[in-house]
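Everything below concerns the one structure shown next.
Computed from the coordinates by the stated procedures, all read-outs in this text should not be read as laboratory data. Quantities reported herein were computed from a predicted structural model and do not represent experimental measurements. Virtual Cβ from ideal backbone geometry, glycine too; neighbours counted across all protein chains shown.
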Amino acid sequence: MLSLMLHLLSVAPTRLISRLVGHFARTRWPRFFMHPFLRWYARRYGVNLDEAEHPLEHYACFNDFFTRRLKPGLRPLDPDPNTLISPVDGAIAMHGPLDGTQAIQAKGISYSLEEFLDDPDAAQRFRGGSFLTIYLSPKDYHRIHTPLQATVQAYRYIPGRLLPVNPPSVAFFPRLFVENERLTSYLHHPQLGHVALVKVGATNVGRMHLYYHDFTSNRWASPHAHTHTFATPPSIERGGELAVFELGSTVVLLFEPHIRLRPLRLGDAIRLGQPIADAADR
């Protein structure tokens, strides 16, 4: 049954569906409908309402609720400024070393960083490094933060399909991560080097929005693939807001060879601010 549903999604107009869902999510419905719906959603997916910045009645539409901020102080950052931290709340979906510029996705299936980033030069920077994939489920906090004090050198937008990115889908669609929509932020730290933070679109992801630049994906008039390089790179503090998923998806982090991943177990929950990697010579 699951395989049939995934096959049907593979031929469905997922971009149109996602835009319609995004439109619903941004519509301000009457309170008598919206607030019971939000309570149902929170119960259905196990959302911890105690962590939300505001009470449920504060949110006028589903998107406001989905992109909610947390109460201040709930996600303390690892105190070592030279440690890279998780940029999101989610679950460890995959991690490991890069075999040259190939990332192992699951069950021996790999994908090429050149295809994934759509940029051969950027792919070479991470040759022999490592990667970490974090899946954000419907219950999770969906703002994306910076894993290190960084300047944003550039971003690249790659339009693509909007297939689901939950674990069964990743196993079912071998080329999912090189076919789905991606929005990559290229970060740089003077000592820790370069990090690529890739936001992967999915079915019902209405939009991915950047905070450091006026760009939002998956609009009705979607832009073509492009790279924007900053003449004056914006600086973002460690743990600062980088972007947001307006409906959820997956983040993939790419590290250069001198960065060493912390021990991580597949399926484990991880929270914004927890340590994920260090410089290898430490």
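Using a 10 Å cut-off on Cβ atoms, rank the peptides 112-119, 77-84, 30-37 from the highest mean neighbour count down.
Packing order, densest peptide first, comes out as 112-119, 77-84, 30-37.
I want the local charge near R156. Using Cβ-Cβ distances under 10 Å, sum +1 for each Lys or Arg and -1 for each Asp or Glu among the other residues.
-1
Can you sort R75, R69, R182 from fewest to most other Cβ atoms within 10 Å of each residue's own Cβ?
With the fewest neighbours first, R75, R69, R182 line up as R69, R75, R182.
What is the set of long-range amide H partners of A279 at a cut-off below 5 Å, with H atoms built 1.01 Å from backbone N?
R260
Sort 44-51, 274-281 by the packing proxy (mean of other Cβ within 10 Å over each peptide's residues), most packed first.
Sorting 44-51, 274-281 by mean packing, highest first, produces 274-281, 44-51.
Could you calculate the FRET efficiency of R127 with L70 from 1/(1 + (r/R0)^6), where r is the beta carbon distance between them and R0 is 41 Å, rounded to 0.05?
0.65
At 0.36 nm per residue, and after removing the present C-alpha to C-alpha distance, how many nm does the segment from K139 to Y45 gain when stretched out fully?
Computed gain between K139 and Y45 is 33.3 nm.
Report the local net charge at D64: Lys and Arg +1, Asp and Glu -1, summed over other residues whose C-beta lies under 14 Å from its C-beta.
Here the charged neighbours net out to +4.
Want the number for H188 to A279: 0.36 nm per residue separation, take away the alpha-carbon distance, what's left?
Gain on extension, H188 to A279, equals 31.4 nm.
Pop out the ³J(HN,Hα) list for the stretch 195-201 in order, Karplus 6.51 cos²θ - 1.76 cosθ + 1.60 with θ = phi - 60°, rounded to Hz; leave Gly and Pro as x.
Residue by residue, the stretch 195-201 yields 9, 9, 10, 9, 9, 9, x Hz.
Which length gain, in nm to one decimal place, applies between E237 and A60 when the Cα-Cα distance is subtracted from 0.36 nm times their residue separation?
60.7 nm
Quick check: net charge around I144, other residues with Cβ under 9 Å of its Cβ, Lys/Arg +1 and Asp/Glu -1?
+1
Under 5 Å between amide hydrogens, which residues at least 5 positions from A150 or on another chain qualify, with H placed 1.01 Å from N in the peptide plane?
Correct list: I236, R238.
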